Amino acid sequence: MMHPQKTVYWLQGGGCGGDTFSFLGSEFPDVIELFRRLNLQLLWHPSLSNSSPADHELLLSNILTGEQPLDILLVEGSVICGPAGTGMFDTKNGQPKKELIYNLAAQAGLVLAVGTCACFGGFGSDQVTEATGLQFARKERGGLLGVNYRSKNGQPVVNLAGCPCHHDVIVGALISAATEVAWELDEYQRPIEWFSTTVHQGCTRNEYHEYRVEESDFGEMGCLFFHMGCAGPLVPGPCNKLLWNQQSSKPRAGVPCFGCTDPDFPRATPFFQTPNIEGIPISLPMGVNRAHYMVYKGMAAAAAPEHLKKRTSKV
Amino acid sequence: MILNTTGITIPVNRAEGDLEIRVEIEDGVVTDAWSAGTMYRGFETMMRGRGALDGLVVTPRICGICSLTHLTAAVEALDAISGVVPPDNARRLRNLALMIETVQSDVRQSILMFMVDFANRQAYRGLPALDEACARYAPLSGRAAIEVVRETKRLLQGVAIIGGQWPHTSFMVPGGVTSMPDISKILQLRIIIERFTAWYERTVLGCSLERWQAVDSIAALDAWLEESEQHRNSELGFFLQLARQTGLAELGRGPNCFLSFGNLPLPEDTTVSGRGGRFQQAGWAEGTTVHPLDATKIAEDTSHAWFAPKKEPLHPYDGETKPYASGHSGQVYSWIKAPRYGGRVVETGPLAEMIIDGRPLFLDLIGQQGPSVLVRQLARFIRPAYVLDTMHIWIDELRRHSMDFFYRSTRAIPDGEAAGMIQAARGALGHWVKVEDERITHYQIITPTAWNGSPRDASGARGAWEAALIGTPIDDSANPVAAGHVIRSFDPCLVCAVHCLVGGRKRGRMTLGVGNR
Ligand code: SF4
């Protein structure tokens, strides 16, 4: 099935390029097949394109005047607004890059914010660099483009959260965009297809969580929630559902989930620790009732089977 | 040097970031150059007051292509502060992951970033091999480009087996690593590395790793190229032919002074040999004369960078990172500080590693011809050939020792200071860390790109690639492909689209942008 050709422009702002490298890790389809099969014309990607400087400038100005239609704009990295709102901490040609992002978004059929920095500000959303996301600043609506922004096809910015965003999510979103499949979005404009399950779902340590058999140091088998700062039950994300690089996930390898799909990532409290009051985590799993949870966990710990308590079950 | 900086502005501390290069041209040749980091992300400031281990989560986010190198530098600093020696298996796993990251970076940089310039139809209209270059390297469609996307992605599955995902995992912790892969996963890892090695031999080298090891001089390199059609048609052989046709041996000289922090601490029980406890040794070199490294000689000069002015260059233990963009716009033009070693400008990267490790081919090349785009890029192209064998050995050792420890308990980090100094894919990377009451009180980072892409220092000495740009021919200022080769041979970043930003405030001057854009 051949789809009508759509054009794609990929822009990087205040980020590390990690989403690009995540994207390159996609397997089915890989990025080559993706562009070919979906008939996507990649106008520009900073890692993949080789048009001459002058040609790139011409392309940009044609997009900005509307002469070159832009169907899908992907933005990776935050919008840096510092110092003092000038945007001069991140420039292109001596001009704040935030202006370019704004102007491109005004021309785009659809805008995908790729990665937590582009969605919510992420690293740098502090006093110093004053970074923001495209349509959110952390949990607050607005961001660079404002609450009422809609792309030319009438949609708000679609937030593909994650630090980095999972490769299958980026690719999946491009497939949806190319084939005009509609999304259902959550309150932070993340597609619920990938952001309604928690990272906790699918974790191989789940059995340990269930019976409250906890890791209290690195390298053990057990759940990482109660002592090691795992945010798996607190945030939505597909890491354990889709797996990374076709292989694994952080919790599977004994690394706590850092909650990187959350608008408040990176959190202010230390990683690798679970903020708690008398051993009870302050933040409880998404949507649970504290009293019920406490009773349930107390009983579950008492009911824990031997193979878990002895940690003979592999994770 | 007074320079009107209108047009180039602002930050970087994530030195693998956006850069703009301004050059002055006379009679079609670069006569002066200024390298400006144009983005400031404030990571060092962000670290102050965070939890002692937070560098393991935060600093990988400085760079998406070398996140593990930041993780490694961060964890080595914490190991040192804690006074813990990680068990052998942790060494093997950390080293393997870092080597995978370096190898994929070298291959992607060589084919997807460097060679793709030869598929620039406008710039290379007259090149006999143009059609072949396009057939190999055109973005998303060239056959080498497609293979590299596919093979590097599969290689990186090895990092996911070890640490859960790539990029941005935090599986290295003070005292070791967070898990040991199951035996079946170790076997899978072995197959991944074997498969990649076979592809690298077949496609990039055109010969076995073993045959390549015999190339130990310029004469041996010439003989290798003559030897077979396979050698000439490999990516490496094709690169050498193109390099001759386009004069890469005469391009991009640089300071001829090199720095390597050394890398990959050896497990106690291993058949892999190295020097000073590491697989790759630390040192600095003037030409081919190698000296031991003295870390106290490292200092950062901020005279030409947008940071609060300092009377003299500071060692990173005393360094500060306070953005300060006003008041002296005449001479200040970058968000990269100017790191110097004993006051000298040095270049870092795979070439520096080859020289400081005493690889005969590179000693001959530098001794006879001096540094150039050709030698620098050759070092990157073939670095995997010198590490893939060692990776096989460590995987086999892991398999034999799969029941051994991989972590020594190190829960609380004591007060103290230490540095994690390693070789990232792009060269010398250091994290200087101080911890007090389980909190970070000081964090300074010097990235490879800060060494290579630094601005001038107080004495007016140009940074490494500023110096290397002098003498570069610019035939078409709208498409300055030779300047691109020079900058790219230093591998400044994941992305380095060299492009002309402004036509020039005065005749003959233009600005090139290099970076993520
Ligand atoms: S380790 Fe984290 S994600 Fe896994 S079961 Fe425990 S809380 Fe859930």
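Please work out how much length the chain gains when fully extended from A:Asn62 to A:Asp217, using 0.36 nm per residue of separation minus the C-alpha to C-alpha distance, in nm with one decimal.
Numbers: separation 155, 0.36 × 155 = 55.80 nm, distance 5.63 nm.
Computed gain between A:Asn62 and A:Asp217 is 50.2 nm.
Per residue, how much accessible area does chain B show when a 1.4 Å probe rolls over the protein heavy atoms, in square angstrom? All intermediate terms of the calculation are to be shown ahead of the outcome.
Numbers: 15820 Å² over 517 residues.
Accessible area per residue: 31 Å².
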### Query
Which value, in Å² and to the nearest 10, is the accessible area of B:Asp475 when all protein chains are kept and the probe is 1.4 Å?
150
## Note on the structure
For the range B:23-51 the residues that are at least 50 Å² less accessible with all protein chains than alone, 1.4 Å probe, are B:Met39, B:Tyr40, B:Arg41, B:Met46, B:Arg50
### Query
Ignoring ligands, DNA and RNA, what percent of the accessible area of the range A:104-243 is carbon or sulfur (1.4 Å)?
48
### Under-5 Å amide H pairs with B:Ile21, H placed in peptide plane, nonlocal only
B:Ala36, B:Leu512, B:Gly513, B:Val514
## Note on the structure
Where a ≥ b ≥ c are root eigenvalues of the Cα gyration tensor, a/c under 1.5 meaning rounded, otherwise prolate if a/b exceeds b/c and oblate otherwise, the protein assembly as shown counts as rounded
### Query
In the range B:380-428, which residues give up 10 Å² or more of accessible area once the other protein chains are added, compared with their chain alone (1.4 Å probe)?
B:Phe406, B:Tyr407, B:Ser409, B:Arg411
### Task
Express in whole angstrom the spacing between the alpha-carbon centres of the range A:8-75 and the range A:245-294.
34
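Would you calculate a helix-derived [θ] at 222 nm for chain B, using -39,500 (n - 2.57) for each DSSP H run of n ≥ 4 and dividing by the full residue count, to the nearest 500?
-11000 deg cm²/dmol
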### Query
Measuring from label point to label point, each 7 Å out along Cα→Cβ, what is the B:Thr289 to A:Ala182 span in nm?
7.5
#### Entry: Under the Karplus curve 6.51 cos²θ - 1.76 cosθ + 1.60, θ = phi - 60°, whole-Hz ³J(HN,Hα) for the range B:127-133, x wherever Gly or Pro sits
6, x, 8, 4, 4, 5, 4
### Query
Say the dipole of chain A comes from +1 at the beta carbon of Lys and Arg and -1 at that of Asp and Glu; which of A:Leu308, A:Gly14, A:Met228 then lies farthest toward its positive end?
A:Leu308
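Can you pull out the buried accessible area for chains B and A, both sides counted, probe 1.4 Å, rounded to the nearest 100 Å²?
Accessible area lost upon association: around 6300 Å².
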### Query
What residues from the range A:195-225 fall in the zone where the backbone N is under 11 Å from a label point 7 Å along the Cα-to-C-beta line of A:Tyr296?
A:210
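Given a Förster distance of 41 angstrom, what is the FRET efficiency for A:Lys309 paired with A:Thr269, based on the Cβ-Cβ distance and rounded to 0.05? List each step's numbers first, then the result.
Details: r = 29 Å, r/R0 = 0.71.
Calculated transfer efficiency: 0.90.
So how do A:232-238, A:59-65 stack up, highest first, on mean other-Cβ count within 10 Å? Intermediate values should be presented prior to the final figure.
Details: A:232-238: 23.9, A:59-65: 15.6.
My ranking of the peptides, most packed first, is A:232-238, A:59-65.
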### Query
How many percent of the accessible area of chain B is carbon or sulfur, using a 1.4 Å probe?
49
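To the nearest 0.05, what FRET efficiency results for B:Ser273 and A:Asn148 with a Förster distance of 60 Å applied to their C-beta separation? Walk me through the numbers before you get to the answer.
Working: r = 65 Å, r/R0 = 1.08.
In this case the efficiency is close to 0.40.
Please give the length that would be gained between A:Lys241 and A:Ser196 if that part of the chain were fully extended, namely 0.36 nm times their separation in residues minus their C-alpha to C-alpha distance (nm, one decimal). Write down the numbers at each step before the final one.
On the way: separation 45, 0.36 × 45 = 16.20 nm, distance 1.12 nm.
Gain on stretching A:Lys241 to A:Ser196: 15.1 nm.
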### Query
If you stretched the chain out fully between A:Ala106 and A:Arg141, how much longer would it get, using 0.36 nm times the residue separation minus the C-alpha to C-alpha distance?
10.8 nm
### Task
Could you name every residue in the range A:84-101 that has 20 Å² or more less accessible surface in the full protein assembly than in its own chain alone (probe 1.4 Å, ligands and nucleic acids excluded)?
A:Met88, A:Phe89, A:Asp90, A:Thr91, A:Lys92, A:Asn93, A:Gly94, A:Lys97
### Message
If I take R0 = 25 Å and measure r between the Cβ atoms of B:Gln188 and B:Arg211 in this structure, what FRET efficiency does the formula 1/(1 + (r/R0)^6) give, to the nearest 0.05?
### Response
0.35
### Using θ = phi - 60° and Karplus 6.51 cos²θ - 1.76 cosθ + 1.60, couplings along the range A:272-281 (whole Hz; Gly, Pro as x)
6, 9, 9, x, 8, 10, 6, x, 9, x
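Count, for each residue of B:175-183, the Cβ atoms from other chains sitting within 10 Å of its Cβ, then give me the mean as a whole number. Walk me through the intermediate numbers first.
On the way: counts 3, 2, 5, 13, 11, 3, 3, 2, 0.
Mean inter-chain Cβ contacts per residue within 10 Å come to 5.
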### Query
Each residue of the range A:141-150 in turn: what ³J(HN,Hα) in whole Hz from Karplus with 6.51, -1.76, 1.60 and θ = phi - 60°, glycine and Pro shown as x?
5, x, x, 5, 8, x, 4, 8, 4, 9
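The values are calculated or read from the model by the stated rules, or taken from the named source; none is laboratory data. Not measured: the values here are computed from a predicted model. Backbone-built Cβ (ideal geometry, glycine too); neighbour counts: all protein chains shown. These accessible areas exclude ligands, DNA and RNA; they are computed on the full protein's heavy atoms, side chains included. Shrake-Rupley method; radii C 1.70, N 1.55, O 1.52, S 1.80 Å.
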